[in-house]
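Colleague: Below you will find the structure I want to go over with you.
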Ligand code: 3PG
């Protein structure tokens, strides 16, 4: 069942990754260099309608940013990205992440996510990787790096033999191709950095980020 975000209790571990994927058409992939930017950035994305946020664990500011956003905007769904092993998974959970995103899918990471009961979007880009996740009962995945790994033709081809897999493509998604990805039956949402580029973040250009976010929030998933 897909719940509007304001009805979701993001502390509720029964919220599935599929619910999260269908909450907004675009998940901004955010890398924060300054903790002070966390709240103004989150505010403009959330106000624009992008209520699912992925904060990548690529900077020292990331974990504190997750905690701050989680406290200030409990109605949003704040997850941690670039979670690559059980250690970073623990850090993300302790910071208050509501879901986990990974560029890949190691058994150790999947076991840790399952043991902690936290929704996870593991990364794949081949049929065998998808089949390995399906064997574990995982049907929601990040398709990464989307454009480099074959993009829309690859996802369309995968839908033939493996229609039960649902994807959030990330990597090379832009306003120019997001709509086409979202039209695919096996795509629930897309992720990307185009809303929060290094340049826009360095300039604290919240108004342009808000404009791009509103445009992204207006995209429609199939
Ligand atoms: C990521 O960092 O998870 C993705 O690579 C984002 O890709 P993009 O910068 O092409 O949107």
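Colleague: Once the principal axes of the Cα atoms of the stretch 16-75 are found, what is the range along each, listed largest first in whole angstroms?
Modeller: Rounded to whole Å, the extents work out to 29, 21, 17 Å.
Colleague: Something else about it: From Cα pairs below 8 angstrom and at least 6 apart in sequence, can you work out the relative contact order of the chain, rounded to a whole percent?
Modeller: 22 percent
Colleague: Nearest 500 deg cm²/dmol is fine: what mean residue ellipticity at 222 nm does the chain get from its DSSP H runs of n ≥ 4 alone, each adding -39,500 (n - 2.57), divided by its residue count?
Modeller: -11500 deg cm²/dmol
Colleague: May I pose another question? Based on the alpha-carbon gyration tensor of the stretch 26-216 and its eigenvalue square roots a ≥ b ≥ c, which shape applies: rounded if a/c is under 1.5, prolate if not and a/b is larger than b/c, or oblate?
Modeller: oblate
Colleague: Quick check: from the Cα gyration tensor, does the stretch 105-202 come out rounded (a/c under 1.5), prolate or oblate?
Modeller: oblate
Colleague: Right, something else. Compute the separation of the alpha-carbon centres of the stretch 197-222 and the stretch 58-105 and state it in Å as a whole number.
Modeller: If you average the Cα positions of each part, the centres end up 21 Å apart.
Colleague: Can you give me the relative contact order of the stretch 79-195 as a percent, contacts being Cα pairs under 8 Å and 6 or more apart?
Modeller: For the stretch 79-195, the relative contact order is 18 percent.
Bear in mind these aren't lab numbers, they're just calculated from the coordinates by the rules spelled out. Treat the numbers as computed from the prediction; the structure is a model and nothing was measured.
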